[in-house]
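A.B. asks: Below is one structure. I have some questions about it.
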């Protein structure tokens, strides 16, 4: 039905356009919310929307609707939008291609409600057994169907699922400590023991000690590490490069990171949170090498930025929803280290589970100052005691040149597929 509807809209739009593209999105979602160790709220919802782009006389128009009865009005608005825009010969739509379907991005367990409630109940029970209060938390599941057709005879459809869980806990009597944890997967294989991890961090954070201002090695746990990486994403975005807003401009084939590190944007990786056969323009998803052994090799492109440089899109034209136009965005950024160190090899360092204030980092220069949450002193590979109220100062791009990894489980946090990070000689203040 979605393909037929998209084709009908395309046919109508082409009466007024030189080229056209229809993006249909249909979804179902369920969320179970927890408050104070109890299921507080549960709801289900559905969504549907259409995004239309046209090119007319080298001008781009866009409009959208969530009402199937207003398709003609959407087309009318799209044409008006195009007529009022400036000409740009770089506007273009995808050409027909072969698509490679990623493994494990759809799980029919989405329709099994009992599994979801059992998961939530188990998280609550774990917190009670640990004498922790599950202050707030929840579980969500979404089913998404995307259809794209355009006047170049592109026709693609994909169905996918995403499951997520999160929780914030606290423990202690007079002097409380808190922690949070979250996880996401395309399959219903989440482990409710993330509640145990959150509780353990909160319990171990009780009675923190003051620490001196100094330069020291830092181990960034998954959430802390991923929080600091946005300036790198911005620097690898071709739109920012073309606008002069990337520190990596004119640095292709130059060293920008440790030779121990290779970074890929892989839109077809198994179970990747953002994996798909195609991006939101209908371009095949692919595995793109951005940094190879510390050397900058390329950038992420959508169709528009690629044409400006006479290149091919890397399949990074993504939308936040049908109501937005595509823009250059990462799919699954894989940080691949040739060598890693064991935690037992670390003589003295600070372990940081999360940071506060990463959003204030300078998106171009990469300078940051963040507060460490749930920080601990490590000596000879062992956690000694929790640390209170420290700030961490640094620069993301300087950090890349001395970045190492801990031998640890690989996790995906947002678009980042990473181990725990280890960085030497970071400045901290009490």
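The values are calculated or read from the model by the stated rules, or taken from the named source; none is laboratory data. In this text, all values refer to a predicted model and were calculated from it rather than measured experimentally. In this analysis, Cβ positions are derived from the backbone assuming ideal geometry, glycine residues included, and neighbour counts consider all displayed protein chains.
A.B. asks: Do you know which residues across region 184-232 are assigned to a helix (DSSP H, G or I) and under 24 Å from residue 345 (Cα atoms)?
C.D. replies: 197, 200, 201, 204, 222, 223, 224, 225, 226, listed by residue number.
A.B. asks: Tell me, yes or no, whether region 49-65 has at least one residue that is assigned by TED's automatic domain parsing to the domain that holds residue 129, over 23 Å from residue 139 (Cβ atoms) and surrounded by fewer than 16 Cβ atoms within 10 Å (Cβ to Cβ). Step through it out loud before you land on a result.
C.D. replies: The initial filter retains those residues of region 49-65 that are assigned by TED's automatic domain parsing to the domain that holds residue 129, namely 49-65.
Now narrow it down to the ones that are over 23 Å from residue 139 (Cβ atoms): 49-65.
Then keep just the ones that are surrounded by fewer than 16 Cβ atoms within 10 Å (Cβ to Cβ); that gives 57-58.
Yes, region 49-65 contains a residue that is assigned by TED's automatic domain parsing to the domain that holds residue 129, over 23 Å from residue 139 (Cβ atoms) and surrounded by fewer than 16 Cβ atoms within 10 Å (Cβ to Cβ).
A.B. asks: Sticking with this one: Look at residue 339 and say whether it is within 26 Å of residue 204 (Cβ to Cβ), in contact (Cβ under 8 Å) with a residue 24 or more places away in the chain and over 23 Å from the mean Cα position of the chain (by Cα).
C.D. replies: no
A.B. asks: Still on this model: Looking at 217, 230, which one is out of contact with any strand residue (DSSP E or B) (no Cβ under 9 Å at 6 or more places or on another chain) and either buried (at least 17 other Cβ atoms within 10 Å of the Cβ) or in contact (Cβ under 8 Å) with a residue 24 or more places away in the chain (or both)?
C.D. replies: 230
A.B. asks: Now, a different point. State whether one or more residues within region 142-155 are buried (at least 19 other Cβ atoms within 10 Å of the Cβ) and closer than 25 Å to residue 428 by Cβ.
C.D. replies: No, every residue in region 142-155 fails to be buried (at least 19 other Cβ atoms within 10 Å of the Cβ) and closer than 25 Å to residue 428 by Cβ.
A.B. asks: Sort through 235, 198, 179, 165 and tell me the only one that's within 22 Å of residue 428 (Cβ to Cβ) and surrounded by 22 or more Cβ atoms within 10 Å (Cβ to Cβ).
C.D. replies: Criteria check complete, one pass: 179.
A.B. asks: Then there's this: For residue 385, state whether it is more than 21 Å from the chain's Cα centre (by Cα) and within 21 Å of residue 210 (Cα to Cα).
C.D. replies: yes
A.B. asks: Name the residues in region 71-96 that are under 29 Å from residue 143 (Cα atoms) and surrounded by 15 or more Cβ atoms within 10 Å (Cβ to Cβ), would you?
C.D. replies: Scanning region 71-96 gives 71, 74, 75, 78, 93, 94.
A.B. asks: Kindly indicate whether residue 258 is surrounded by fewer than 22 Cβ atoms within 10 Å (Cβ to Cβ) and in contact with a helix residue (DSSP H, G or I) (Cβ under 9 Å, 6 or more places away or on another chain).
C.D. replies: Against the criterion (surrounded by fewer than 22 Cβ atoms within 10 Å (Cβ to Cβ) and in contact with a helix residue (DSSP H, G or I) (Cβ under 9 Å, 6 or more places away or on another chain)), residue 258 qualifies.
A.B. asks: Hey, among 250, 287, 237, 260, which residue is outside the structural domain of residue 161 (by TED's automatic domain parsing) and without any contact (Cβ under 8 Å) to a residue 12 or more places away in the chain?
C.D. replies: Going through 250, 287, 237, 260 in turn, just one is outside the structural domain of residue 161 (by TED's automatic domain parsing) and without any contact (Cβ under 8 Å) to a residue 12 or more places away in the chain: 250.
A.B. asks: Considering (1) assigned to a loop (DSSP other than H, G, I, E, B); (2) over 30 Å from residue 92 (Cα atoms); (3) touching a residue at least 40 places away in the same chain (Cβ under 8 Å), say which one residue 178 fails and leave the rest.
C.D. replies: For residue 178, the exception is condition (1).
A.B. asks: Right, something else. Take residue 241 and decide whether it is over 15 Å from the mean Cα position of the chain (by Cα) and either over 26 Å from residue 189 (Cβ atoms) or in a loop (DSSP other than H, G, I, E, B) (or both).
C.D. replies: yes
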